[in-house]
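These notes concern the structure reproduced below.
The values are calculated or read from the model by the stated rules, or taken from the named source; none is laboratory data. Keep in mind that what you see is a predicted model, and the values were worked out from it rather than measured. In this analysis, Cβ positions are derived from the backbone assuming ideal geometry, glycine residues included, and neighbour counts consider all displayed protein chains.
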Amino acid sequence: MTRYPKKFLVTGGAGFIGSHLCEALLAAGSEVVIIDDFNDYYDPAVKEANLAGVRDRITLVRGDIRDDGLVNRTFSAHRFDGVFHLAARAGVRPSIADPRLYFSTNMDGTLNLLEACRHHGVRDFIFASSSSVYGVNVKVPFAEHDLIERTISPYAATKLAGEQMCSNYSHLFGLRCMCLRFFTVYGPRQRPDLAISKFTAAIMAGRVVERYGDGSTSRDYTFVDDIVRGILAAAAYTEKSSFEIFNLGGSATTTLSELIALVEAAAGKKAELRVLPDQAGDVPRTYADVAKAGRLLGYAPRTAIREGVARYVEWYRAHRSGVSA
């Protein structure tokens with residue numbers, strides 16, 4: 001792997017994807033500073049555990065990216081070569097219940113970081129966007145050049161707004177901004193509120209699995225190792241444009257019913273299902289066209305969903321089995 005002997009800020013670095021990225025950056029020889037507020041969206045102890053293997057090798061700033069003073073003090077204390085901005089209020093359904101929180105964190109927080117980059121001379125900014133920006137896009141697979149006309153959740157709207165802010169700062173102030181649309185990331189340390197994590201916990205404990213809808217909705221699931229490789233490739237990309245959007249996905253779809261069956265097979269247990277109505281804000285499918293990322297970044301997902309689910313369940317047995325989710 002290409003080595004990056006530089007200093008990076010990783011916002012949300014104690015989270016699921018962020019902690020994996022920090023490990024990869026450290027392995028490549030970089031210095032890493034993390035900003036994370038350890039909020040109670042899920043048990044903060046999960047984030048503490050995520051950093052267990054790197055705590056003595058990173059600088060941890062506990063705080064909220066909405067705190068402009070804290071952000072600027074952090075930039076003043078360190079000379080960053082780039083920013084990986086992964087911090088966000090995540091989740092479609094909670095954003096419907098509390099849209100103000102999502103807009104303030106995901107938009108004001110992103111603006112604070114872009115302004116800090118502008119004023120402290122940091123030119124490289126990697127922004128974690130989401131496949132949710134495609135909304136009810138009827139064309140599949142989803143491509144970066146598709147016209148986006150209808151996001152259907154506050155969370156998706158904030159991610160699309162973040163991309164537009166990056167475009168502004170690239171055009172006006174010369175920042176090199178790479179916006180990465182993640183497609184349903186999973187793997188070891190996955191957030192406990194996400195589907196594979198929830199299904200695994202319920203099946204292993206013999207609890208009821210709640211399935212929304214008839215099971216036909218589908219997602220493009222992407223193993224976290226593939227996502228991290230894509231992030232690092234985007235950070236290393238220096239050709240032509242100072243602003244780009246890339247899909248990072250598995251480039252395959254799996255229905256909800258198929259996903260539950262895969263977890264059952266890996267766990268060696270059958271699920272007891274409770275069927276509930278479709279959830280507001282959930283899109284019917286996601287499916288990534290990764291041709292652009294393949295062409296410009298050399299990105300190619302390596303982990304098929306069957307293998308990835310089995311690896312997650314194996315990790316869950318070793319690290320979370322017996323812990324309430």
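General remarks:
- Extreme residue, surrounded by the fewest Cβ atoms within 10 Å (Cβ to Cβ), among residues of segment 73-95 that are of a type in the set (A, V, I, L, M) and at pLDDT 95 or above: ALA77
- For segment 50-72, residues that are surrounded by 14 or more Cβ atoms within 10 Å (Cβ to Cβ) and either more than 19 Å from GLU23 (Cβ to Cβ) or free of Cβ contacts under 8 Å to residues at least 40 places away in the same chain (or both) total 13.
- Screening SER129 with (1) farther than 23 Å from GLY15 by Cβ; (2) in contact with a Leu (Cβ under 8 Å, 6 or more places away or on another chain); (3) not in a helix (DSSP H, G or I) gives one miss only, at (1).
- Top-ranked residue of segment 271-291 - restricted to ones that are in a loop (DSSP other than H, G, I, E, B) and of a type in the set (A, V, I, L, M), ranked as nearest to ILE260 (Cα to Cα): ALA271
- Evaluating VAL228 against the criteria (1) β-branched (Val, Ile, Thr); (2) more than 30 Å from GLU163 (Cα to Cα); (3) part of a helix (DSSP H, G or I) leaves one unmet condition, (2).
- Each residue in segment 130-151 was checked for being hydrophobic (A, V, I, L, M, F, W, C) and buried (at least 21 other Cβ atoms within 10 Å of the Cβ), and 2 of them qualify.
- There is at least one residue in segment 274-284 that is under 19 Å from SER131 (Cβ atoms), surrounded by 14 or more Cβ atoms within 10 Å (Cβ to Cβ), in contact with a helix residue (DSSP H, G or I) (Cβ under 6 Å, 6 or more places away or on another chain) and at pLDDT below 95.
- Pairs with Cβ under 9 Å, 6+ apart, first in segment 162-177 and over 15 Å from THR110 (Cα atoms) and at pLDDT 95 or above, second in a helix (DSSP H, G or I) and hydrophobic (A, V, I, L, M, F, W, C): PHE173/LEU114; PHE173/CYS117
- Boolean, LEU111 is surrounded by fewer than 24 Cβ atoms within 10 Å (Cβ to Cβ), part of a helix (DSSP H, G or I) and among the aliphatic types (A, V, I, L, M): yes
- Within segment 282-296, the residues that satisfy the criterion of being in contact (Cβ under 8 Å) with a residue 12 or more places away in the chain and more than 18 Å from the chain's Cα centre (by Cα) are PRO284, ALA291, LYS292, LEU296.
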